[in-house]
Structures are given as C-alpha cells and as structure tokens.
1. Label-point separation (nm) for residue 168 and residue 44, each offset 7 Å from Cα along Cα-to-Cβ?
2. Where q = 0.08, 0.12, 0.13, 0.16 Å⁻¹, what log10 of I(q)/I(0) comes from the Debye formula for the chain, counting one point per Cα?
3. Report the equivalent ellipsoid semi-axes for segment 3-102 in whole Å, largest first, defined as the square roots of five times the eigenvalues of the gyration tensor built from alpha carbon atoms.
4. Mind pulling the angle between the C-alpha long axis of helix 243-267 and the longest principal axis of the chain? Nearest 10 degrees, somewhere in 0 to 90.
5. Cα to Cα, under 30 Å, and not fewer than 8 places away if on the same chain: which lysines meet these conditions relative to residue 274?
6. With a cut-off of 17 Å, note down the residues of segment 225-239 whose backbone N falls inside the zone around a label point 7 Å from the Cα of residue 211 toward its beta carbon.
7. In terms of the Cα gyration tensor, with a ≥ b ≥ c the square roots of its eigenvalues, is segment 164-238 rounded because a/c is under 1.5, prolate because a/b exceeds b/c, or oblate?
8. Across segment 184-198, in residue order, what do the Karplus-derived ³J(HN,Hα) couplings come to in whole Hz, using 6.51 cos²θ - 1.76 cosθ + 1.60 with θ = phi - 60° and x for Gly and Pro?
Amino acid sequence: MSSKFNAKHTEFQAHKNIAEDASVRGIDRLKAVMSCLRTPDLGCPWDTQQSMQSLIPYTIEEAYEVAAAIAEGDENDIQGELGDLLFQVIFYAQITQEKNWYNFDDIAARAADKLIYRHPHVFSQSSSLESKATTVDEIKGQWEALKRQERANKEQDASVFADIPNNLPAMLRALKIQKRCASVGFDWDSTEPVMGKILEEVEEVREVVEQTESFENHERLQEELGDLLFAVVNLTRHLKVNPETALQLANQKFMNRFQYVEKAVRREEGDISKYSLEQLEEFWQEAKRKLKSD
C-alpha cells in the first residue's frame, strides 16, 4: 500500500471515530460524518460524485420541507428537517474545503461578521451608518440602507436589483424586486392605489380574453396575467403578508375542501367523474360550512 493511501485511510478512520462518538459536539460530529462520506474509495459512492451544481435541487427541496414542517407545527419534524437543511450547508462547505476555497468555520465567521455589521443598533462596531433605530420599521430601513452600501462598494453603478437570484421562485422574486424598489422610495404610500392597479390589470386581462375565445393571443394573455400576479404580490407586501405563505394556505384549504367532496362521493359509492358540476358544488358548499365550523 502507498503512503498516500495509508494517510487517507488513517484520516478516514479518525473522522469515522468522531462520527460514531455520540458524545462529540453536534456540529463537529456532523462535519466528521460528511468528511467520511466524501472520502474517495472509502466513503459513499453517491456522496463522492456530487458537486455544488448537483446539490441545488436537494437544497431547495430541503428548504421547502423545513417550511412545511413549521407549517404543520410538529417540533420533532421541524428538528429533523432543520438537520437535513444544515447537512446541505455542511455538504457545500466540504466541497469548498476540498477545492481549497474555504471551510465551514470560514463560512460561519463571514455570516457572523455580516450580521454584526448589519445590526449597529445591537453591536458596538464602526459602521458607515450611525444607528438610532429602535422600531422594527426603522431597523428594516437601516438593514436595506446597509445592503445598498454593500452593493455600491462592490460596483459603483450597481442596480438595486443586484444580487437578486434569477432562480428564485417567481412569486418570491417579485416580492424581493418590489422591496428593493420600495427601499429607495419607489412605492405607493397606501394600499388604495395598489388595489386600483389590481383592478386595472384585471380589466386588461378581460380585454385580451374577450378578443378571442380560443386564447390565440397567448403571449399577450401571458403578459397581462403576469402583470396581474405582480400587482397582487404588491398588495400582499403592502399588507405585510408573505404571498408564498398565503398561497400555500390557500392551496391547503382548497385540498381540504376537495378531499371532503371526495369523501362525500365515496359515501354514496359513486364515481366522481360521473357527477355534474352542480352536484359537486353542493358538496363543496357543504365542505366550506363543515370545515369552517370545525
């Protein structure tokens, strides 16, 4: 055996001992597990083949699973899903360490430095912004001002949209775009004109729909519907409601009601596809009354 292989085997065994020792601090143990999984020839073939790019879908999935667990309110599930999401961060950190970029502690230290810089009302440190913020709204304004300064430091002509990820879900990206514009004063100061904009966009959609029953003008219809959705997101922002959360709740409410309809059909030993819309609507209204009272 070569000395290189022996050294790799010795390092693997050391990490394996830490990984299997339940008394070791959580983060150190998890890092040791990750190191073992990524060790070529000795670790897991699947883990050793992964790259930062291949992990992206899993990271997004784990983030949504955390959100779902929190929505359900099961503390055990939340703990498990948070662990899965943390493992994603550890995975990326292991890969960056292998590339000789930086390790997990470097990533954590940078996050700590950034948070200290963006909270001058809490930490005593030099900042480009003297903090007198005391209310939540003042703190949010201060946060955005500091982020603008960071973007300006990176690039003299940086847009307010700099560093907004292109691959964010469209609804969340719309929310982020609107917040950036609001942070520099481009925003309505009440909900009335926002609601007016929604009504205006609804009429524009109606006009396109009425032009042709077959919806041949698909691009125009898509554009107008996009404008309408963007305006609705703007209203949720003004009302301090997260549009993603609101839509998730609406999705669940719809599913609960439709599942009630399915159960009602099964009670009659029927085939749901054979029921008329009017019959299903009766069950739907019953579901609304029953589930609301529950």
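Just so it is clear, none of the values below were taken in a lab; they were calculated from the coordinates. All figures in this text were calculated on a predicted structure; none of them were measured in a lab. Because the Cβ atoms are built from the backbone with ideal geometry, glycine has one as well, and the counts that use them run over all protein chains shown.
1. 3.1
2. Log10 of I(q)/I(0), two decimals: -0.62, -1.14, -1.22, -1.40.
3. Values: eigenvalues 153, 57, 20 Å².
They are 28, 17, 10 Å, listed from largest to smallest.
4. Helix 243-267 sits roughly 60 degrees off the main axis of the chain.
5. 253, 263, 288, 290, 292
6. 225-228
7. Working: a/c = 3.38, a/b = 1.57, b/c = 2.16.
Oblate, because a/c is 1.5 or more while a/b does not exceed b/c.
8. These are the phi-based 3J(HN,Hα) values: 10, x, 8, 6, 6, 9, 8, 7, 4, x, 5, 5, x, 5, 4 Hz.
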